[in-house]
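Taking it in order: structure first as structure tokens, then the write-up.
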Amino acid sequence: MKIFIASDHAGYTLKERIKQNFSEIEFIDLGTNSADVSVDYPDYSHDLADKIGQNFGILICGTGIGISIAANRHENIRCALCHDVTTARLAREHNNANVISFGARVIGEEIAFEMINVFLNTKFLGQRHQRRVEKINIKRA
Ligand code: RB5
């Protein structure tokens with residue numbers, strides 16, 4: 001399993017802890033590479049969205065908000081900002097999310113680990129949810 005991961009400076013330390021904790025996963029780490037250099041979260045979000053293909057992704061900033069907003073500007077991305085295992089599970093079951101985001105300044109690392117585990121191991125339920133997901137990218141006037 002190949003997982004794309006990126007963060008800004010606020011998410012850097014948690015990103016590194018995630019890579020240590022899930023040593024069986026092949027992470028494609030798109031940065032950033034330091035907690036000490038302030039960077040702009042959209043740069044990392046857009047880069048992940050451009051490169052992710054059919055894989056899953058993890059995006060981390062201080063709150064998870066900015067990095068998810070930027071990711072969701074891409075038609076190929078359904079990025080779910082999650083705070084607990086329930087939202088992580090439902091993001092997969094109902095929304096077929098391919099990217100999970102969260103905030104390193106608002107959740108603990110154990111919750112992050114559990115959310116990732118649930119997100120990566122939960123299947124999309126399809127059926128009525130498929131119809132709804134298909135409506136997400138419909139262009140509006
Ligand atoms: C960086 O200070 C912070 O604004 C960023 O990590 C994120 O929380 C934005 O949504």
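The values are calculated or read from the model by the stated rules, or taken from the named source; none is laboratory data. Computed from a predicted model, the values in this text were never measured in an experiment. We place every Cβ from the backbone using ideal geometry, glycine too, and count neighbours over all the protein chains shown. We work out accessible area using only protein heavy atoms, side chains counted, and drop any ligands, DNA or RNA first. Shrake-Rupley method; radii C 1.70, N 1.55, O 1.52, S 1.80 Å.
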Could you say whether any residue in segment 9-18 is aromatic (Phe, Trp, Tyr), in a helix (DSSP H, G or I) and open to solvent by 70 Å² or more (accessible area, probe 1.4 Å)? no
Can you pull out every residue in segment 118-141 that is in a helix (DSSP H, G or I), free of Cβ contacts under 8 Å to residues at least 60 places away in the same chain and either open to solvent by less than 80 Å² (accessible area, probe 1.4 Å) or of a type outside the set (Lys, Arg) (or both)? Val118, His129, Gln130, Val133, Glu134, Ile136
Quick one: in segment 54-63, which of the residues that are within 19 Å of Asn96 (Cβ to Cβ) and not polar (S, T, N, Q) is nearest to the ligand (Cβ to nearest atom)? Leu59
Per the list (1) open to solvent by less than 40 Å² (accessible area, probe 1.4 Å); (2) within 16 Å of the ligand (Cβ to nearest atom); (3) assigned to a loop (DSSP other than H, G, I, E, B), residue check on Phe102 breaks on (3)
Positions within segment 55-94 being under 23 Å from Ser38 (Cα atoms), outside any helix (DSSP H, G or I), over 9 Å from the mean Cα position of the chain (by Cα) and among the hydrophobic types (A, V, I, L, M, F, W, C), in sequence order: Cys61
Set Asp36, Asp47, Asp43: member being among the charged types (D, E, K, R), assigned to a helix (DSSP H, G or I) and without any contact (Cβ under 8 Å) to a residue 40 or more places away in the chain: Asp43
Of the residues in segment 19-28, those that are open to solvent by less than 70 Å² (accessible area, probe 1.4 Å), assigned to a strand (DSSP E or B) and out of contact with any helix residue (DSSP H, G or I) (no Cβ under 7 Å at 6 or more places or on another chain) come to Ile28
If only one of Ala70, Ala35 is in contact with a His (Cβ under 8 Å, 6 or more places away or on another chain), of a type in the set (A, V, I, L, M, F, W, C) and open to solvent by less than 40 Å² (accessible area, probe 1.4 Å), which one is it? Ala70
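Given the criteria on the phi < 0 side of the Ramachandran plot, of a type in the set (A, V, I, L, M, F, W, C), open to solvent by less than 40 Å² (accessible area, probe 1.4 Å) and outside any helix (DSSP H, G or I), does Ala6 qualify?
Taking the combined requirement at face value, the residue satisfies it.
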State all residues of segment 1-33 that are within 16 Å of the ligand (Cβ to nearest atom), free of Cβ contacts under 8 Å to residues at least 40 places away in the same chain and among the small types (Gly, Ala, Ser); if no residue qualifies, say none. Gly31
Here is a check on your reading of the model: is Lys51 out of contact with any Pro (no Cβ under 8 Å at 6 or more places or on another chain), closer than 30 Å to Gln127 by Cα and more than 16 Å from the ligand (Cβ to nearest atom)? yes
